[in-house]
Amino acid sequence: MGEVDPAFIQVVKHRPKLAATHAEGIPLIYLAALAGYSPSDSPVTASLATFEGLVAEMGEACKKWERIEQEAREFFRRGLEEKKVRRDERRVVGYYEVEHTKNMRDWKEVFDCTVQEPTLVPALPEDGEEAVTEWINQWPEYPPGLREACEEYAQELEKLAYKLMGLIAQSLGLPANRFDEFYKGQTSIRLDHHPLCPVPHLSLGVGRHKDSGALTILAQDRVEGLEMKRKIKPIPAAFIINAGDIIQVWSNETYESVEHRVMVNSEKEKFSIPFFFNPSHCTIVQQLKELTDEYNPPKYRPYNWGKYLVTRKGSHFKKLDVEILRIYHFEI
Ligand SMILES: O=C(O)CCC(=O)C(=O)O
Ligand SMILES: [Fe+2]
C-alpha cells in the first residue's frame, strides 16, 4: 500500500487503543459438546434438536473455511497485476484496495463475490427509479481454486445461515421458517486482508460500522483486531455471528446490530472472511407485524433493502461530502 496516505489517518476520537482489554462474556456456543447428544434423552428436545443440525453444519463449514482461507492467502499474495479483477462503481464485485468506511480509508484489500449468479439489484439512481441491474462475479486466473472454494463455502454457510435465522425466529416466538420468504438471493462473501500497517495506532483495518444486512457469519484467523466495544479474542473454529441492521428492524430492536471495527497490526497481517446473509433486493424492510402492537409500535419507517444496499456500496468507493445513509435515518 506504499507510504501512509493521510486518507488512512483516523480522527483522534476514533483511533484504536492498542492496549485494549478483551471482552468478557461474549456468548460462546460449544456445538461440539452437543455432538453425541440424542434428542430423545431430555425434555428440551425441540431446541436441542435444532442445535444437533447445527453441529453437522458447523463441522462441514469449518472444513470449507480452511480451504477458502488458504485460497484467499494465495490470492492476496499475488501482485496487483494478477489481481486485476477490479471492482468499480458499476461492477461492484471483485478486487478492491481503496475502500472507505464512514469516509475514512480502511487498511485492507478485499475480494467480493456474490453467492447467487447473477445477483439482481436496483441500478444506480442515474439509470432510473425502477431500473434493475445484475452483479456478475469476476474470477481471477490465480489461484485457480479460488472460485470453487468460494462456491463450496457459500453452499455450507448458506445452510448454516438458514439454521441460525430459524433459531433467531424461534427466539422471537415466531415459526422457524418466518424469515425464509425474504431470501431469494442477496448473499455475498468477502475475503478481507489487512496487511502489516506501520501506523496501527492511527488507522483501522475496517472503520467503526454496523453491518447493514441481516446476518453476518464472520470467520477470522488467529490474529487479534476485531473489536465490538472491546477486543474479541479469536477462537479457532469459532464463527462470530453478528445480527445486522435488518434483524434490528425486523425484531423492532429486540436484537441490536452491534457496532464493530478492526484494528491492524505492524507485525502480523490479518485475514477474515465475512459471509453476508441478506434478503432479496426487493424486500421492504420493516418490523414483523407479529412483533409490534399498540404498546410496542414500529420504531422504523419501511425501506427498500436493494436501494439501501446500492447507496451504501456507493459510499465505499470514495470519500463523500455527505453523511452516509444509516438506518437511524428511518427511525420514527
Ligand atoms: O475484516 C474483518 O474482520 C471484519 C469485516 C467487517 O466487519 C465487515 O466487512 O463488515
Ligand atoms: Fe462488519
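The values are calculated or read from the model by the stated rules, or taken from the named source; none is laboratory data. Predicted, not measured: the structure shown is a model, and the values here were computed from it. Cβ: placed from backbone, ideal geometry, glycine included. Neighbour counts: every protein chain shown.
The table below gives the values:
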read-out	value
Residue among GLU151, GLU82, GLU156 that alone is acidic (Asp, Glu), without any contact (Cβ under 8 Å) to a residue 40 or more places away in the chain and part of a helix (DSSP H, G or I)	GLU151
Residue, surrounded by the fewest Cβ atoms within 10 Å (Cβ to Cβ), within region 228-258, restricted to residues that are near ligand 1 (Cβ under 10 Å from one of its atoms) and not in a loop (DSSP other than H, G, I, E, B)	MET228
Residues that are at pLDDT 80 or above, over 18 Å from ARG312 (Cβ atoms) and over 19 Å from the mean Cα position of the chain (by Cα), drawn from region 116-129	PRO118
Cβ pairs under 6 Å, 6+ apart, first in region 174-202 and part of a loop (DSSP other than H, G, I, E, B), second of a type in the set (A, V, I, L, M) and more than 16 Å from ligand 2 (Cβ to nearest atom)	ALA176/ALA169; ARG178/ALA169; PHE179/MET165; PHE179/ALA169; THR187/VAL115; VAL199/VAL4; HIS201/LEU18; LEU202/ILE9
Selection count where residues are hydroxyl-bearing (Ser, Thr, Tyr) and assigned to a loop (DSSP other than H, G, I, E, B), scope region 263-275	1
Unique residue being over 21 Å from the mean Cα position of the chain (by Cα) and either crowded, with 18+ Cβ neighbours inside 10 Å or under 27 Å from PHE271 (Cβ atoms) (or both) when the list is LEU160, LEU191, LEU196	LEU196
Odd one out for LEU218, checked against (1) free of Cβ contacts under 8 Å to residues at least 60 places away in the same chain; (2) more than 12 Å from ligand 1 (Cβ to nearest atom); (3) in contact with a strand residue (DSSP E or B) (Cβ under 6 Å, 6 or more places away or on another chain)	(2)
From GLY173, GLY145, residue being small (Gly, Ala, Ser), surrounded by fewer than 19 Cβ atoms within 10 Å (Cβ to Cβ), closer than 30 Å to MET228 by Cα and over 19 Å from the mean Cα position of the chain (by Cα)	GLY173
Residue ID - farthest from ligand 1 (Cβ to nearest atom), chosen from residues in region 200-215 that are more than 16 Å from the chain's Cα centre (by Cα) and aliphatic (A, V, I, L, M)	LEU202
Residue in region 276-317 that is farthest from ALA154 (Cα to Cα), counting only those that are outside any strand (DSSP E or B) and aliphatic (A, V, I, L, M)	LEU291
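Listed here are the residues, each with its yes/no results for (1) surrounded by 11 or more Cβ atoms within 10 Å (Cβ to Cβ); (2) modelled with pLDDT under 55; (3) part of a loop (DSSP other than H, G, I, E, B).
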position	(1), (2), (3)
GLU3	no, no, yes
ALA7	yes, no, no
GLN10	yes, no, yes
ALA20	yes, no, yes
LEU28	no, no, yes
SER40	no, yes, no
